[in-house]
1. What about Leu61, is it farther than 27 Å from Thr119 by Cβ and at pLDDT 95 or above?
2. Please tell me if Gly191 is surrounded by 15 or more Cβ atoms within 10 Å (Cβ to Cβ) and within 16 Å of the ligand (Cβ to nearest atom).
3. From the list Val224, Val151, which residue is in contact with a Gly (Cβ under 7 Å, 6 or more places away or on another chain) and outside any loop (DSSP other than H, G, I, E, B)?
4. Being assigned to a loop (DSSP other than H, G, I, E, B), within 16 Å of the ligand (Cβ to nearest atom) and more than 30 Å from Asn272 (Cα to Cα): is that true of Lys183 here?
5. So which residues in the stretch 64-91 are among the charged types (D, E, K, R) and surrounded by fewer than 20 Cβ atoms within 10 Å (Cβ to Cβ), if there are any at all?
6. If you take the residues in the stretch 326-375 that are aliphatic (A, V, I, L, M) and part of a loop (DSSP other than H, G, I, E, B), which one is nearest to Pro9 (Cα to Cα)?
7. Looking only at the stretch 46-89, count how many residues are within 12 Å of the ligand (Cβ to nearest atom) and in a helix (DSSP H, G or I).
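The values are calculated or read from the model by the stated rules, or taken from the named source; none is laboratory data. Keep in mind that what you see is a predicted model, and the values were worked out from it rather than measured. Please note: Cβ atoms are built from the backbone with ideal geometry, for glycine as well, and neighbour counts cover all protein chains shown.
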Amino acid sequence: MKRIPIAGPWITSLEIDYVNDAVANAWYDNANIYHFRFEKAFADYVGVAHAVSLPSCTSGLHLALAALGVGINDEVIVPEITWIATAAPINYVGAIPVFVDVDPTTWCICPDSLEAAITPRTKAVITVDLYGNMADYDRILAIAKKYNIRVIEDAAEAAGARYKGKNAGSFGDVAAFSFHGSKTLTTGEGGMLVTHDRALFDRANFLRDHGRVPGDFSFENSEVAFKYKMSSMQAALGLAQTERLDELIQKKRAAFAWYRERLSGIPGLTMNDPGLDVDATYWMVSIVWNESLRLNKKDVANALAQHGIDTRPFFSPLSSLGAYQHLPGIEACRARNPVSYRLRDCGINLPSSLGLQEVEVDFVCEHLRQIFLKS
Ligand SMILES: Cc1ncc(COP(=O)(O)O)c(C=O)c1O
């Protein structure tokens, strides 16, 4: 049986030509040419002054926290519904993650829940542009200003998404993107930190290379720091994908429209809602069903898997993970963040690869209709 994968890239001869050139020529004095081109092209696309290419988004979030000086026992607020990579770097710097609820329609951080969680120890919030959607940045930035906290955008899933005409990654003090193999723009593994702030950019550049400024060969390190770089072959791949990003996003939007057309008539089923003023990029087409349908998400996933259809469960609330059960007061999160717990039980991601064909969407939706109209 042919599988319909959950995610996958779109690679053309442009990517192959750039990577071939990098592997042949990007050495010695030319070692960084593709990094510079990729960083410049990506920063221009996002509309920020500075970009640093990295091995992952996780390293970007770690660097962002470290460069902002977030440290021991500081609190950093994160939405419940996200991959653990949003929160793990908070622990890397010795700070404490505080989990807040998400908005019931956009599934991104809820501004009221954010404001309610701020304490004198809060240093930052990490917003998440979930599944290619975007958070309510007008409200979030106003709250951040009111309480003097820093905003880090986890834009891992949202390259090219826009809120009020501005790109994901251009709102916070600093942002991080993922170029993991499943992402719309991929370098296999990889990430990018972006910022408007020159001082933050310099600090991130210093910290990401064992505490030395770019170009320094004295080997006299003044601080213990990190080694976070990508190879020139990855940067070459990323440059080609950035040059094609609009085309990649168009494909994602077309796939979402195919699904919406076929699923819109099913009662009790909702899909990614971009929210007001958002041009979403639909990294993952997702469905959430009404609790009253009494469908178990594992049963839905298994029924689709029997026909070769890959799905992913909606992210589980971070406060429900074994990894965080040691945090004091963690058991109170469930009652405080009901939307996140409801989404956990009633949501899955559908096949969303860049190679997805309309006939495959027909096939997936036919099986979904059978499951939902029977229930
Ligand atoms: C919301 C979110 N944040 C962070 C990451 C981590 O990205 P990476 O795997 O590049 O470190 C991911 C990856 O899937 C993600 O979805």
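1. Here the answer is no, as Leu61 does not meet what is asked.
2. It is true that Gly191 is surrounded by 15 or more Cβ atoms within 10 Å (Cβ to Cβ) and within 16 Å of the ligand (Cβ to nearest atom).
3. Step by step, each of Val224, Val151 is checked, and only Val151 is in contact with a Gly (Cβ under 7 Å, 6 or more places away or on another chain) and outside any loop (DSSP other than H, G, I, E, B).
4. Judged against the criteria, Lys183 is not a match.
5. Answer for the stretch 64-91, where residues must be among the charged types (D, E, K, R) and surrounded by fewer than 20 Cβ atoms within 10 Å (Cβ to Cβ): just Asp74.
6. Leu354
7. 13
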